[in-house]
1. Consider residue 168 against the criteria (1) loosely packed, with under 13 Cβ neighbours inside 10 Å; (2) in a loop (DSSP other than H, G, I, E, B); (3) in contact (Cβ under 8 Å) with a residue 40 or more places away in the chain: it satisfies all of them except one. Which criterion is unmet?
2. Kindly provide the set of residues from region 97-120 that are part of a strand (DSSP E or B) and touching a residue at least 40 places away in the same chain (Cβ under 8 Å), ordered by number.
3. Could you identify the single residue in 94, 135 that is over 20 Å from residue 69 (Cβ atoms), surrounded by 15 or more Cβ atoms within 10 Å (Cβ to Cβ) and touching a residue at least 24 places away in the same chain (Cβ under 8 Å)?
4. In the set 74, 146, 86, which member is surrounded by 14 or more Cβ atoms within 10 Å (Cβ to Cβ), closer than 24 Å to residue 53 by Cβ, touching a residue at least 40 places away in the same chain (Cβ under 8 Å) and more than 16 Å from the chain's Cα centre (by Cα)?
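The values are calculated or read from the model by the stated rules, or taken from the named source; none is laboratory data. Computed from a predicted model, the values in this text were never measured in an experiment. All Cβ positions, glycine included, derive from the backbone under ideal geometry; neighbour counts span all protein chains shown.
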């Protein structure tokens with residue numbers, strides 16, 4: 001069988017087919033330019049040589065308002081932002097626990113102690129007041145910084161008050 005047929009070959013209506021095989025429980029392509037036996041198989045570093053790690057997370061925050069007419073962003077209580085060191089205008093990923101929607105936006109500073117979590121602009125279509133959110137900020141780390149990296153996490157109650165503060169190290173435990 002020719003290599004193009006073994007790899008599925010082009011399909012006129014749906015584009016090329018890529019066959020997969022399981023190796024140690026992972027699905028990996030087994031033909032083509034990025035085959036698993038290729039010595040320079042891509043790793044998880046970006047073009048700048050950095051690896052992307054969670055830096056900060058606000059967990060179980062409740063949406064208090066949605067405003068379609070605002071130009072964009074997510075407004076977050078200043079106390080929550082300071083607790084995990086997320087800054088105004090910083091990019092964050094937002095995950096709605098209740099409906100599974102995900103989006104990226106930037107932070108607007110909310111009044112300290114207000115419990116405010118306001119989703120603004122087009123993203124307001126992706127959530128609703130009362131929904132629980134996870135807000136995450138990431139950072140790029142060079143290999144030598146990973147072993148000392150620790151993420152900050154806060155868990156919120158239904159009023160967006162901090163009920164738990166956690167730290168998650170990025171290094172593997174010593175064996």
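1. (2)
2. The initial filter retains those residues of region 97-120 that are part of a strand (DSSP E or B), namely 102-110, 117-120.
Across region 97-120, the qualifying residues are 117, 118, 119, 120.
3. Values: 94 fails: over 20 Å from residue 69 (Cβ atoms).
That would be 135, the only listed residue that is over 20 Å from residue 69 (Cβ atoms), surrounded by 15 or more Cβ atoms within 10 Å (Cβ to Cβ) and touching a residue at least 24 places away in the same chain (Cβ under 8 Å).
4. Numbers: 74 fails: more than 16 Å from the chain's Cα centre (by Cα); 86 fails: more than 16 Å from the chain's Cα centre (by Cα).
Only one candidate passes the filter, namely 146.
The rows are residues; the columns are (1) at pLDDT below 95; (2) at positive phi.
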{"position": "46", "(1), (2)": "yes, no"}
{"position": "49", "(1), (2)": "yes, yes"}
{"position": "54", "(1), (2)": "no, no"}
{"position": "62", "(1), (2)": "no, no"}
{"position": "68", "(1), (2)": "no, no"}
{"position": "71", "(1), (2)": "yes, no"}
{"position": "79", "(1), (2)": "no, no"}
{"position": "82", "(1), (2)": "no, no"}
